[in-house]
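Heads up: the structure comes next, in structure tokens.
The values are calculated or read from the model by the stated rules, or taken from the named source; none is laboratory data. Just so we're clear, the structure is a prediction, and the values are computed from it rather than from any experiment. Every residue, glycine as well, gets a Cβ built from its backbone with ideal geometry; the counts of neighbours run over all protein chains shown. These accessible areas exclude ligands, DNA and RNA; they are computed on the full protein's heavy atoms, side chains included. Shrake-Rupley method; radii C 1.70, N 1.55, O 1.52, S 1.80 Å.
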Amino acid sequence: MTREKSSPMLLIVTAFMLFSMFFGAGNLIFPAMLGVEAGTSFTPAILGFLATSVVLPVLAIIAIAISGRNVRDLANRGGAVFGLVFSILAYLSIGAFYALPRTGAVSYSTAIQPLTGWDSLASSAIFNAIFFGIALALAYKPGKIVDNLGKYLTPLLLILLVVLVALSLSTFHGEELAPAEKYASSPATTGLLEGYLTMDSIAALAFGIVVISALRYKNVAEGGPLVRGTIIAGLGAGALLAAIYIGLGLIGHHIPNPTSYTDGAGLLSDAARLTMGTPGQVLFGAIVLLACMTTAVGLIAATSEFFEYLMPSISYRIWAIIFAVMSFGMATMGLETVLTVAAPIITFIYPPAITLILLTLIEPLLRRRVHLVRTYLIAIWVSVVWSALTTLADLGLSGLSPLVDWAPLSDQSLGWVLPTVAGALIGVLIDVAKPREAFWVEDSPISTAE
């Protein structure tokens, strides 16, 4: 390896790239409203938020790194059916059916409309055509994504965010308020559930392979160097996310008249205006546009790489065009119907995703003694069934509620946790009693890490 290929600078730029792919519009506005609503419970609330918006995504990146596989191969540990269905749902939910068109729609409604007053289908179509055209151009050559995002767009985005946070925190000195109802009794759990909404735990499973591919394009050696590089990039991105989230949360925590805001976008726009006047509103618009653009590039790249792997007869670039065009159409027409369909899918796939991530991280610690073959199968399918019942009950099939409401933590949307843990323990006992070789062990890079 040359000095350039193994240099700390490459890992820093790669961490910047990963941060920018994670940091979209939702990541910008959720912490600000948490700062308002959590009130005097801000500390436990933001720690809960960081657990699912930072720690869990970083763990997902590490899981992909140590497995050396894409999402489908990783998910196949829960069986072939789960591997296929889960991976498709995950990529579609973070891609063209939800998160990707949302980047364009939120950019238009949050960054463009307040400054221009435009509010027509034609103006939305023109903006989204330009937005997704640029995103497609930046993602068109996957080998250039590290440079396009890590070297250029992300440093600019970070500079703008630091300016906004620093000026706001030096200007605002609002008093702490009593926490809103949902934060009064269990602030940490509420913050944890708010962190779900960033979708970064699901996105990380997709972005992990983008990081691995990007490092491979830079000729980082397979095995230990590639594993370590991916993990370091994940940890660096996580540190940046945590710092920015805390800063944005503190803006909401200290802004004057915090209860007058109903969403984080309006709050941050006002914070920029109060600290910098009209130029501040332009600055906030630039932050939103950059945050959404970098996320859009990452989502196009991740989904296109996966579907090329799934259907290699269609090239990466064709998939990139397909997803960009689909996202343009949905972002232009509005996302209300898409959100109605996507929300239950997102709710459904989180429990099995978290189960898969955590078992993948635990497995290397036990590999010399036992392979977690049945553990994966039982734990993942318990989480799948429990999540499906809960989702269907939430959609109106109230007759299913008694099947899941008895579980501890069910009132906090975490009823699946203890049944899944119980299933995993049963699986471990079976794996110990009747050992079976895991098909994914021999070619895992963790076994050859230097």
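Computed values, structure above
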| read-out | value |
| --- | --- |
| All positions within the stretch 384-409 that are open to solvent by 40 Å² or more (accessible area, probe 1.4 Å), among the aliphatic types (A, V, I, L, M), touching a helix residue (DSSP H, G or I) at 6+ places or on another chain (Cβ under 8 Å) and outside any helix (DSSP H, G or I) | LEU395, LEU409 |
| Condition met for SER213 (modelled with pLDDT of 85 or more, farther than 23 Å from GLY48 by Cα, hydroxyl-bearing (Ser, Thr, Tyr) and open to solvent by 10 Å² or more (accessible area, probe 1.4 Å)) | no |
| Which listed residue is more than 30 Å from PRO256 (Cβ to Cβ), loosely packed, with under 14 Cβ neighbours inside 10 Å and of a type in the set (S, T, N, Q), from SER185, SER120 | SER120 |
| Matching option when the condition is open to solvent by less than 30 Å² (accessible area, probe 1.4 Å), closer than 24 Å to ALA111 by Cβ and assigned to a helix (DSSP H, G or I), among LEU205, LEU248 | LEU248 |
| Looking only at the stretch 152-178, and only at residues there that are under 22 Å from SER41 (Cα atoms) and among the aliphatic types (A, V, I, L, M), the one that is surrounded by the most Cβ atoms within 10 Å (Cβ to Cβ) | VAL165 |
| Unique match (being at pLDDT 85 or above and at positive phi) among GLY83, GLY79, GLY104, GLY117 | GLY79 |
| Condition met for GLY48 (without any contact (Cβ under 8 Å) to a residue 12 or more places away in the chain and either of a type in the set (Gly, Ala, Ser) or outside any helix (DSSP H, G or I) (or both)) | no |
| Scan of the stretch 410-427 for residues that are modelled with pLDDT under 90 and open to solvent by 80 Å² or more (accessible area, probe 1.4 Å), ordered by number | ASP411 |
| So ARG228, is it part of a helix (DSSP H, G or I), of a type in the set (Lys, Arg) and at pLDDT below 85 | no |
| Yes/no for THR262 being surrounded by 24 or more Cβ atoms within 10 Å (Cβ to Cβ) and not hydrophobic (A, V, I, L, M, F, W, C) | no |
| Contacts under 7 angstrom Cβ, first residue in the stretch 260-276 being within 14 Å of GLY35 (Cα to Cα), partner hydroxyl-bearing (Ser, Thr, Tyr), 6 or more apart | ALA265/THR110; LEU267/TYR261; ALA271/SER168 |
| Selection from the stretch 61-71 of residues that are modelled with pLDDT under 90 and in a helix (DSSP H, G or I) | ILE62, ALA63, ILE64, ALA65, ILE66, SER67, VAL71 |
| Complete set of residues in the stretch 341-376 that are modelled with pLDDT under 75, under 15 Å from LEU89 (Cα atoms) and surrounded by fewer than 17 Cβ atoms within 10 Å (Cβ to Cβ) | VAL341, ALA343 |
| Identity of the residue in the stretch 57-111, polar (S, T, N, Q) and out of contact with any Phe, Trp or Tyr (no Cβ under 9 Å at 6 or more places or on another chain), that ends up farthest from GLY234 (Cα to Cα) | SER109 |
